[in-house]
Amino acid sequence: MTKRDFYEILGVPRTANSDQIKKAFRSKARHLHPDNMDSGDESAFKELAAAYEVLSDDNKRALYDRYGHDGLAGAAGGFDGVDLGAFADLSEIFSTFFGGGRGGGGRRSTVERGSDLKLELRLEFSEAIFGTERKISIKRLEACTVCTGTGAQSGSQPVRCTTCNGAGQIRQATQTLLGQFMQILTCPNCEGEGTRIEKACTVCKGKAQVRTQRDLEIKIPAGIDHGARLRIPHAGDHGRRNGPPGDVYVLITVNDHAKFVREGQTIHLQQPISFAMAALGGEMIVDTVDGEKPLRVPPGTQTGTILPLKGHGAPQLNSPNLRGDQLVHLIVETPTKLTSEQKRLLEKFADSRGDKLSAPKFKRPDTASSANSKPSPGKSSSIKNPSGKGSSGKADSSLIDKIADVFKPKEGASEN
Ligand SMILES: [Zn+2]
Ligand SMILES: [Zn+2]
């Protein structure tokens, strides 16, 4: 960075006294200040401030006079890459210049982004899985068509604001240590519009915007889940004074399904199977979100067994081809009504396995299931009725329990 001579920057002779230097700085600072829309120049202003910082300080000025810029390098750290924050004693001026009211660089800063709109959308279970298209109705703020967004009654025009003379901003004098400085503020009378409405449009009441009902076609992506939030960019309230529109957020709720329970990309289904199927194995038809599908049940299937149906779960959001699985939770159903024929067959079956269906009077009824060839299989039935075990009152239902025990899992089924 080539350094200009400080006296040259301030435009004063080397013999200038401190009053002359101060005066020169004030006048140039006003001219070069970045908030000055006509002649503002931030880098020139910083350079000016740096020059003034030195020449207004007797010690620094003496160093500068003797050694030039080099003389300051050690003492003041030099002025390469001027840092505004370094000028502590100028801080008041800088806060006047750069403080609060500077938004938008002094230009009209009242453009407003439109508000976001939120709404809820309820989907059926399968709509969330496969995605869908929906029409939603929103009421958003748009420019009033009657006054074409001016807010003024037809025939009349917005008139120039007299406070700011149409500029939308006003200059306000602020007294500082170094004299008076101008601050540029948004006009409080017209809020930066530069114009005022004398006869308000009767439709929008001068607000220039009206709430308008709009139907939007939205695409619900496959795999969306309960609680998801869809953003529709730029579909919200239009911004005032040509500001950008807000967004629409759609909060997704998904109805429960009578059979399926979704957990992320996995779909769970509880599927009852007959105990003959559980014992013998076979093939059955189960429901999936893709329709009925065959499911092979292996022989000796226990209640609580989970069989997967690959690729019949929910798709990954935004990758509809990546499907999760459906998990079929099998529940072995014990028949509650038996014909005498069925009863006879089951008794025969029990007999063939050596299952005892009645217990000796003074022994625990558990022993019946010990026919299951293991020393302590009483567990599964004791889960069912841990306390009332000893009572022999309900002979019939306990008989069914015992038959069911034959088909029950040894290590208790996880859930269900
Ligand atoms: Zn209007
Ligand atoms: Zn005004």
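Just a few scattered comments:
- The string of couplings for the range 272-283 from the Karplus curve (6.51, -1.76, 1.60, θ = phi - 60°) is x, 10, 5, 6, 5, 4, 4, 6, 8, x, x, 10 Hz, one whole number per residue in order, with x for Gly and Pro.
- Karplus-derived HN-Hα couplings along the range 238-255 (A = 6.51, B = -1.76, C = 1.60, θ = phi - 60°), whole Hz, x at Gly and Pro: 5, x, 6, 6, 6, x, x, x, x, 10, 10, 10, 10, 8, 8, 10, 10, 5
- Given Lys139/Lys199; Lys118/Lys259; Lys3/Lys23; Lys23/Lys60, the pairs whose alpha carbons are separated by over 28 Å: Lys118/Lys259
- Other-chain or far-sequence residues with amide H under 5 Å of Ile220's (modelled H): Thr132, Glu133, Arg134
- Listed by chain and number, the aspartates and glutamates whose C-alpha is less than 14 Å from the C-alpha of Lys361, apart from same-chain residues fewer than 8 away, amount to an empty set.
- Applying 1/(1 + (r/R0)^6) with R0 = 35 Å to the Cβ-Cβ distance of Ser43 and Lys199 gives a FRET efficiency near 0.15.
- Cβ-derived FRET efficiency at R0 56 Å, Leu317 paired with Asp58, nearest 0.05: 0.20
- Computed over the Cα atoms of the range 1-77, the ratio of the radius of gyration to the Kirkwood radius (Rg/Rh) comes to 0.98.
- In order along the range 21-32, phi translates into HN-Hα couplings of 5, 4, 5, 5, 4, 3, 5, 6, 4, 4, 5, 8 Hz, rounded to whole numbers, per the Karplus curve 6.51 cos²θ - 1.76 cosθ + 1.60 with θ = phi - 60° and x for Gly and Pro.
- Under 5 Å, built H, 5+ apart or other chain: amide partners of Asp116: Asp247
- Principal axes of the range 260-333: Cα extent on each, largest first, Å: 43, 18, 15
- Amide H within-cut-off set for Ala208, under 5 Å, with H built and near neighbours excluded: Gly151
Every read-out reported here was derived from the displayed coordinates using simple, explicitly stated rules and does not represent laboratory data. For clarity, every value in this text was computed on a predicted model and none was experimentally measured. Note: ideal-geometry Cβ built from the backbone for every residue, glycine included; neighbour counts use all protein chains shown.
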